1. Pick out the one residue from 284, 313, 322 that is in contact (Cβ under 8 Å) with a residue 12 or more places away in the chain and within 13 Å of the ligand (Cβ to nearest atom).
2. Is it true that some residue in the stretch 69-80 is free of Cβ contacts under 8 Å to residues at least 24 places away in the same chain and over 30 Å from residue 278 (Cα atoms)?
3. Among the residues of the stretch 247-264, which ones are of a type outside the set (A, V, I, L, M, F, W, C), under 29 Å from the mean Cα position of the chain (by Cα) and surrounded by fewer than 16 Cβ atoms within 10 Å (Cβ to Cβ)?
4. If I go through the stretch 153-178 residue by residue, how many of them are in a helix (DSSP H, G or I) and within 16 Å of the ligand (Cβ to nearest atom)?
5. How many residues, within the stretch 83-115, are more than 16 Å from the ligand (Cβ to nearest atom), of a type in the set (A, V, I, L, M), outside any loop (DSSP other than H, G, I, E, B) and at pLDDT 95 or above?
6. Could you give every pair whose Cβ atoms fall below 9 Å, whose first residue belongs to the stretch 264-278 and is part of a strand (DSSP E or B), and whose second residue is polar (S, T, N, Q) and away from the ligand (no atom under 13 Å from the Cβ), counting only separations of at least 6 or pairs across chains?
7. Specify the residue that is nearest to the ligand (Cβ to nearest atom); the eligible residues are those in the stretch 187-199 that are surrounded by fewer than 24 Cβ atoms within 10 Å (Cβ to Cβ) and modelled with pLDDT under 95.
8. What is the number of the single condition among (1) in contact (Cβ under 8 Å) with a residue 40 or more places away in the chain; (2) touching a strand residue (DSSP E or B) at 6+ places or on another chain (Cβ under 7 Å); (3) part of a loop (DSSP other than H, G, I, E, B) that residue 251 does not meet?
Amino acid sequence: MLNNQGRPTQPANNNEASSRRRETFTGNRGLQQEEGLIFEFGRAEVSGVDIDEPAQFKPRLGKFERKTPLGLPGLSEPEAVRHYVRLSQKNYSIDAGLYPLGSCTMKHNPRLNEKMARLPGFSDVHPLQPQSTVQGAIELIDELEKWLLELTGMSAVAMSPKAGAHGEACGMMAIKAAHEARGEGKSRHIVIVPDSAHGTNPATAALIGYTVRAVPARADGTVSAQAVREALGPDVAAIMLTNPNTCGLFEKEIVEIAKAVHEAGAYFYCDGANFNAIMGKVRPGDLGIDAMHINLHKTFSTPHGGGGPGAGPVVLSQALAPYAPLPVLGVDKTTLPGKSFTCLIEQEPELAGTARKPFGRMTAFHGQMGMYVRALSYMLSHGADGLKQASEDAVLNANYVRARLSDIMSLPFGDKPCMHEVLFDDKWLKDTGVTTLDFAKAMIDEGYHPMTMYFPLVVHGAMLIEPTESESLASLELFIMTLRDLAFGVLRGETERFTQAPRLAPRRRLDETAAARNPILRWTKPEAISVAAE
Ligand SMILES: *Cc1c(COP(=O)(O)O)cnc(C)c1O
């Protein structure tokens with residue numbers, strides 16, 4: 001018998017044995033344990049704690065007392081521990097292996113950062129605590145601000161956005177506020193976005209109420225100043241451009257683009273998610289950028305991607321600085337007589353003589369303290385020279401992967417150097433019966449998280465590989481050899497190795513489209529179904 005999740009409920013008898021689809025009775029594969037849903041094996045009558053009903057217990061809920069059972073699956077303590085440990089073992093993580101997911105900068109998170117973030121003075125503070133009691137934490141935010149401004153050459157930074165996309169919203173709201181202050185809030189309703197942009201860019205522009213005007217990338221994968229000039233006009237509020245861009249290329253005409261944008265009365269938003277390739281090498285402020293978010297979780301290493309929080313501080317040019325959201329760092333002289341504190345100010349203080357006009361605030365509190373600590377810990381432990389070397393090594397590693405694979409996999413923009421990530425397309429897969437998706441799934445069987453696929457959209461069947469600086473030569477070599485072995489497999493016609501992949505993962509190929517279009521979000525009690533009836 002199988003339940004409707006396909007799990008056997010009894011040993012197979014002689015007749016059933018041959019029809020059983022599973023490789024093992026338990027579904028385990030050696031020491032890789034199968035794990036059911038908690039609802040399948042939890043029992044309402046069981047719990048990890050064993051507390052007697054108090055004597056003379058009188059329910060006080062009256063008519064609100066629950067009549068039907070709660071129906072939550074109960075587990076004993078060891079069952080609960082095993083459930084979550086087994087689930088955790090199904091995760092792939094940067095701590096388990098190389099994670100070449102392009103655009104995401106999945107690099108090693110130094111343990112020192114974690115140790116610092118767990119210091120009680122940072123981890124145990126409450127956002128409503130009096131500021132005089134959390135001076136160290138506020139000082140750390142101040143210090144981090146200085147580093148971010150130093151690294152980017154910008155005038156101000158808004159610390160509170162909680163992710164890259166949230167930072168984009170923050171920067172675009174500052175831009176909107178600046179146009180409104182000039183009386184051009186209504187007339188400037190267009191935001192220019194290149195068609196290679198990360199999806200969050202046009203989504204942010206639309207969310208803030210702008211209409212997106214796309215500019216195409218050139219055949220070499222970059223945006224030309226000429227194309228931007230043609231798209232500019234008195235109706236344009238801003239351009240959102242990623243640099244290095246999502247094809248892993250530095251936008252060579254960026255200074256000219258910034259100049260054209262400013263001449264047209266618009267602002268330049270730069271998506272700074274790829275700062276990992278240029279930190280310590282180029283200051284965005286010197287390129288003419290007005291606003292840029294920095295994904296602290298990418299460039300300055302915090303576990304991310306389903307594994308932890310993000311933080312997306314936004315650096316702003318002098319023109320946009322007055323519109324930065326609250327809170328801002330300032331000096332509070334009122335807390336105790338005769339003492340002044342660095343503090344987070346909620347009102348609208350002066351900014352070096354000019355009035356601040358904050359557009360509002362992004363979050364209820366001040367942002368992600370743990371991430372600030374990790375980012376500063378990363379910066380201080382690397383130092384200025386170390387940060388620069390991290391960028392250089394990130395670029396070197398990506399180019400090493402490119403150079404070692406370009407004889408077999410195809411490069412859309414010719415065999416020339418890339419920045420911190422290398423983009424292949426699927427020309428080399430033509431007529432092999434293997435797609436980018438199949439190739440990526442076969443990487444799972446080899447124990448690798450796939451690279452980013454089908455992004456950016458400007459390249460057919462894109463495979464975007466970002467090794468990051470934290471991989472050793474040996475680990476890069478094994479990764480490259482694995483991809484070469486797979487690629488030769490494609491060319492030898494071992495199609496099933498790809499179209500049937502993953503064969504060794506806890507689950508085989510899923511119908512991801514059906515899962516997204518028709519998600520089954522509610523568990524229903526399984527009915528036993530007999531194998532014979534299948
Ligand atoms: C990661 C990324 C973002 C979004 O950042 P989140 O922190 O995930 O919101 C935006 N643009 C690019 C190019 C990115 O790589």
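The values are calculated or read from the model by the stated rules, or taken from the named source; none is laboratory data. All figures in this text were calculated on a predicted structure; none of them were measured in a lab. Note: ideal-geometry Cβ built from the backbone for every residue, glycine included; neighbour counts use all protein chains shown.
1. 313
2. There is at least one residue in the stretch 69-80 that is free of Cβ contacts under 8 Å to residues at least 24 places away in the same chain and over 30 Å from residue 278 (Cα atoms).
3. Answer for the stretch 247-264, where residues must be of a type outside the set (A, V, I, L, M, F, W, C), under 29 Å from the mean Cα position of the chain (by Cα) and surrounded by fewer than 16 Cβ atoms within 10 Å (Cβ to Cβ): just 252.
4. 10
5. Looking only at that region, the number is 1.
6. Between residues of the stretch 264-278 that are part of a strand (DSSP E or B) and residues that are polar (S, T, N, Q) and away from the ligand (no atom under 13 Å from the Cβ), the close pairs are 267/317; 268/317.
7. Here the answer is 198.
8. (1)
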